[in-house]
Each structure stands twice: as structure tokens, then as C-alpha cells.
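> Before I ask anything, here is the structure I am working with.
The values are calculated or read from the model by the stated rules, or taken from the named source; none is laboratory data. Being a predicted model, the structure only gives us computed values, none of them experimental. All Cβ positions, glycine included, derive from the backbone under ideal geometry; neighbour counts span all protein chains shown. Ligands, DNA and RNA are stripped out before the accessible areas are found, and what is left, the full protein with its side chains, is counted by its heavy atoms. Shrake-Rupley method; radii C 1.70, N 1.55, O 1.52, S 1.80 Å.
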Amino acid sequence: MWKKAWFMAQTEMRMVFKSRQVRMIPIIVVIMSVAFGGIMTWLMLSSGGIDAALFSVTLGSIMGAVVIMLPLMLPILIAADSIVGEKERHTLVPLLATPLTDGELLLGKFLTAMIPGLLVAYGNLALAVLVVNGVVFFMAPQFLWVWPDLLSLVQAIILPILFAILAVGLMVIISGRANTVYEAYQTGGILILPAMVFAYSGFLLGLGWLIFVIGSIIILFVDFILFRIALRLFNRDPLITRTG
Amino acid sequence: MTTSIEMVDLTKEFAKIRAVDNVSLDVRRGEVFGFLGPNAAGKSTTVKVAATLLVPSKGSIVIEGYDVLEQPVEVRSIIGLLPEDGASTHYDRLSAYKNLEYFGRLYDVPEETLENRIDELLEFLELSDRKDDSPATYSTGLKQKLSIARSMIHNPQVVFLDEPTSSLDPIMSKRVREFIDTQAEGGTQTFFLCTHLLSEVEALCDRVGFISKGKLVEVGRPKELRRKFWTLRTYEIQLTDSNLQKSGEIITSTGLAKSVKIEGSRIVFELENAETKNPQIVRALVESGMNIIELRERVPDLDAVYQKVIGGN
């Protein structure tokens, strides 16, 4: 199952990155995160008299949201392009006529959407960490290291995976109904981002590891349910019937 | 002959529309079977059900021993599909070669043979010099040829071709027909050809099935169907002298022909049991001193059969 899904994902990733819209998103994400992180750090340090612990918590909360949420734009767009785009470009029927199982097809689509999203998320995280701590190093070297602490780092590594599964699962469900990439992306954005913000707000409270672990388990459970629903919906007859 | 495709009471409904209605049909291995019918007759829906893309509402299809409902992966691995509007179904972000390579790997074509298979198909379909170009830069005809190559990439046992030469110019259509003909020569591959181009069926198909409003209305060899729908056979005769009037009277006087008429420089007559009556007519003409240059049957083409079966004429 993995071998074919992985081969399919590799080819599809090469294809989706030929879309200028898709290529622009990592650039926008990195520019926004780095600029936002650098400016926020500079502003907070410029105001003076800030406590190191409060500075770290405040910056961690803001940057946590930026580095986890912004890169989600990419898997949402890729999922829309890869699933609805197939319908729009009439390439779906030959693909569905291959011996791929429904599970392999769905896994291939998940990998296509998630892998670039996660690579951008982690690359963006690394750059944001460098920029924020670089600004701190030059403006307030006494703070040494302000962000991320261990919890923020684990959150910034684990949550993009959980949220990406959630986003792609929702996009698969939406894509069954949408007829154009734009329509799917728009609907996806409207449905997914508020859900992410709501989910993430629990982690912003700074309630520590216990809330993070419980929250992650809940999201993982939701991911599992969504994947099951997506697998049930992502099969040939309804896809072909709706495509016409 | 072994059955390659077996449909039993196949029915497919969409909401209140019955697109395919109790179709039962056997297609033999190695046969080129033509599936004829007007637009929206149910041809493409039948193919989609056979290709496991749609689930039948009732009935079954077994392809080379595999049931489309129970063993869809096995079915898909042994069939090739050229879908309706096949020309517009390529990945424009990949080259033609990469398109074929992608599908070859999805169809589990061994890596050591895939390159040769792609080259062979591109060569045969005269696409080799454009293999590195995106299909987006291709003409409709070239795209259709690439679709045909894709449907054959894994050397499938059964090939479903939905309107393979639609939107192609006559030269390109001929080339595609030659390709299908060459592939079918081996006798091991079964071709299921959906079309409304009767000339294509005449040129390629061993048997044909007519579908109308979802129902299979006739199945048979083109020659058999002509015989079935034309009990009266039409002949035309050409003579050396120009005394057509007299010759016509001689034929009429035998009392064997149902009708006799003069068309240009020929006499055209209709009769039953031509095998016994034609020699008598020829003898009567020769004995009256007429010199016959040619006597030949006017064979009704499949178009006429189609008009009778589908159009009810």
C-alpha cells in the first residue's frame, strides 16, 4: 500500500509545485513568519523593562500560532489542487481506472498534501527561531534564549502533523462536493482555519504539558474519525457520478 | 472460444434514470466487439461499470474470470481504458513520456520493461519526437494517440475504447484503426469498442451490439445482421449493349425478381433466395443474346442496419 501511495505522492508533489500559486505560499509563509517574529521581538524589547519569563511566554504564544497556523495554508491548497484539480483537469478517470485501491489513492493524496506542508512548517520554524533569537542576541543578550522552550518546541513539531491531517481530511470531504480548486480552497479556508484557531486556543492558555497531551489526543481522535469518513467518501462511484 | 467479458442483467440507475437496463452480453477472448448506439444510449456507462468506476445497481460483470464487484483491483489491473473525451485526460504538468511512465508504474509494469514498452508505443503511434513535450502543446489527435498509448501501457488483456477516433481527422483515424487492428491480430487481447462511427465498426469489429435507451437490442456479426434485416437482396447487372429496356423486360418476364428498375447504365433488381434464382436470371439474359459484364450484390452497409435497429426504419 505504502509503495504505490508514495510513488503517486512523489509524482503529484512534482506536479503541484509547478503551480505558481502553490510555489508562492512557502515564500509568503516564510516572509510573514520571519518578519512578524523579528518585528514583534524588536517591538517588545524596545518597550524596555520587560521580564524575561513574561517575554518568553508572550513571544512563545504569538510565535507558536504563527509557525503552526500559517504553514497550514499549503496542505489546504495542495489538497484542493490535487483532489478537485483532478476533476477540473479531467485527469481523474484514468487515475481511478488504475489498480490503485481507494486506500492507496487516499493515502497518496494525504502524503502529497502533508509532506510539503510539514517541510515548510519545520523549515519556517527553524528560520523563525533563528531570527527571533538573533534579534534578542543583538538587543538583549542577557536573555540568552527566549523561544521556543521545550513545550513550545514539541508543540511546534507535533501540532502541524495533527492539524495537517485534520485539514487534509476535511479537504477530502469538501472536495467531493466542490467543482473547482478555488471553491474547495475557499470553503476549506472558511471551515478549517477557525477550527484550528479554536483548537489552538487551548494551547495558548499556557496550561502546560497535561493540556497539550490531552488536546493532542483529542485532535488525533478527530483526525482518525475524519480519515475514516474521508476513506468512506473517497471512492470511485460517487467521485465519477459527481464528476459527470 | 473462452468468454472474456460476461455481463448478466447489468443495470445502472442514476436517481430516476435507468442508464443501462438489464444488459446481458458475452464477449469472447480475442474478439473486437463494437458497441454501437446513439448519444446517451448507455455505452459509456456500461464501460464505466465494467472498468469498476461505477457500481452496478443490479446484475454482474465478470472480466477474464474476475467479478467487478468482488475483485475490482484484479479487474483494473487486467483492463485498459480509453475514457470518453480521452484526449483531455492527461497531466499537462508532465511530459508525454512521464505521463506514460507514471501510469506504467501505477499499473505495475516491471521497471526493466517499462522503458521499452513506452518507446514501442510512442514509436508505433508516431509520438517519439514529441515525447518530452507537455500534452498541453499537442493537437487533439496527438492527445488522443497518447491516451491510446496510456490505455495499452500494461499490455492489458481487455481494452475498453470509448470513441477512440472521435475528433480525429481521417488520416489520424486510419492510423488509430490500424493500431487497434495490429494489436487485435494476436488474438489474445479483447477489444470493446464504443462508437457511433459505423465505418469504424465495419473495418474493425468481429461482432457488434446495438444499445438504445439502455437496452441491448441486437448482437451479431455485421454480415449476419445485414442478412437478418434484409431478406430481400439487391443485385445490379451491367451489360455490354445499351438495350437496358429489353434486358429489364427479360428479367421481369422470368417472374423471379420482386422488383426491377433501371438506374443509369445498370439494371437493379431485388429477389429472395438469390443463390437459386440468380443463375436462372443470368441464363435467361445470356440465352436472349445479352452480354453480361458484371453482376454484383448491393450489400447494405452497417449504417442501414443501424437505421433499422436504432431508428426503427
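> With respect to the numbered conditions (1) of a type outside the set (S, T, Y); (2) more than 17 Å from the chain's Cα centre (by Cα); (3) more than 14 Å from chain B (Cβ to nearest Cβ), which one is the sole condition not fulfilled by A:W6?
Exception for A:W6: condition (3).
> Looking at B:N273, B:N291, B:N278, which is the one that is open to solvent by 80 Å² or more (accessible area, probe 1.4 Å) and under 37 Å from the mean Cα position of the chain (by Cα)?
Answer to the check: B:N273.
Listed here are the residues, each with its yes/no results for (1) open to solvent by 30 Å² or more (accessible area, probe 1.4 Å); (2) under 27 Å from B:D92 (Cα atoms); (3) small (G, A, S); (4) not in a helix (DSSP H, G or I).
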position: A:I28; (1), (2), (3), (4): yes, yes, no, no
position: A:I31; (1), (2), (3), (4): yes, no, no, no
position: A:A35; (1), (2), (3), (4): yes, no, yes, no
position: A:I39; (1), (2), (3), (4): yes, no, no, no
position: A:L54; (1), (2), (3), (4): yes, no, no, no
position: A:V57; (1), (2), (3), (4): yes, no, no, no
position: A:S61; (1), (2), (3), (4): yes, no, yes, no
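> Looking only at segment B:212-220, decide whether some residue is open to solvent by less than 60 Å² (accessible area, probe 1.4 Å), of a type in the set (V, I, T) and more than 30 Å from B:I78 (Cα to Cα).
No.
> Related question: Between A:L77, A:L92, A:L54, which is at pLDDT 85 or above and over 24 Å from the mean Cα position of the chain (by Cα)?
A:L92
> In segment B:20-43, which residues are touching a residue at least 24 places away in the same chain (Cβ under 8 Å) and either open to solvent by 20 Å² or more (accessible area, probe 1.4 Å) or among the charged types (D, E, K, R) (or both)?
Residues satisfying the conditions are B:D21, B:N22, B:S24, B:R28, B:R29, B:E31, B:P38, B:N39, B:K43.
> Can you tell me how many residues within segment B:233-258 are open to solvent by 40 Å² or more (accessible area, probe 1.4 Å) and either among the small types (G, A, S) or assigned to a helix (DSSP H, G or I) (or both)?
8
> Would it be correct to say that B:K213 is basic (K, R) and within 30 Å of B:G34 (Cα to Cα)?
Taking the combined requirement at face value, the residue satisfies it.
> Select from segment B:44-67 the residues that are open to solvent by 10 Å² or more (accessible area, probe 1.4 Å) and within 25 Å of B:T188 (Cβ to Cβ) and list them in ascending order.
B:K48, B:T52, B:S60, B:V62, B:E64, B:G65, B:Y66, B:D67, listed by residue number.
> Here's something else I'd like to know. Report, ordered by the first and then the second residue, all pairs with beta carbons closer than 7 Å, sequence separation of six or more or different chains, a first member in segment A:219-240 that is on the phi < 0 side of the Ramachandran plot and within 14 Å of chain B (Cβ to nearest Cβ), and a second member that is part of a helix (DSSP H, G or I) and open to solvent by less than 20 Å² (accessible area, probe 1.4 Å).
If the second residue must be part of a helix (DSSP H, G or I) and open to solvent by less than 20 Å² (accessible area, probe 1.4 Å), the pairs left are A:F234/A:L105; A:F234/A:L106; A:F234/A:V172; A:R236/A:L96; A:L239/A:L92; A:L239/A:L96; A:I240/A:L96.
This table checks each residue for (1) at negative phi; (2) within 9 Å of another protein chain (Cβ to nearest Cβ); (3) in contact with a strand residue (DSSP E or B) (Cβ under 7 Å, 6 or more places away or on another chain).
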| site | (1), (2), (3) |
| --- | --- |
| B:L94 | yes, yes, no |
| B:R105 | yes, yes, no |
| B:L127 | yes, no, no |
| B:D133 | yes, no, no |
| B:Q144 | yes, no, no |
| B:V158 | yes, no, yes |
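> Moving to a separate point now. Only one of these is among the acidic types (D, E), in contact with a helix residue (DSSP H, G or I) (Cβ under 9 Å, 6 or more places away or on another chain) and surrounded by fewer than 24 Cβ atoms within 10 Å (Cβ to Cβ): B:E84, B:E74, B:E70. Name it.
Answer to the selection: B:E84.
> The conditions are (1) at pLDDT 85 or above; (2) under 24 Å from the mean Cα position of the chain (by Cα), and A:V136 fails exactly one of them. Which is it?
(2)
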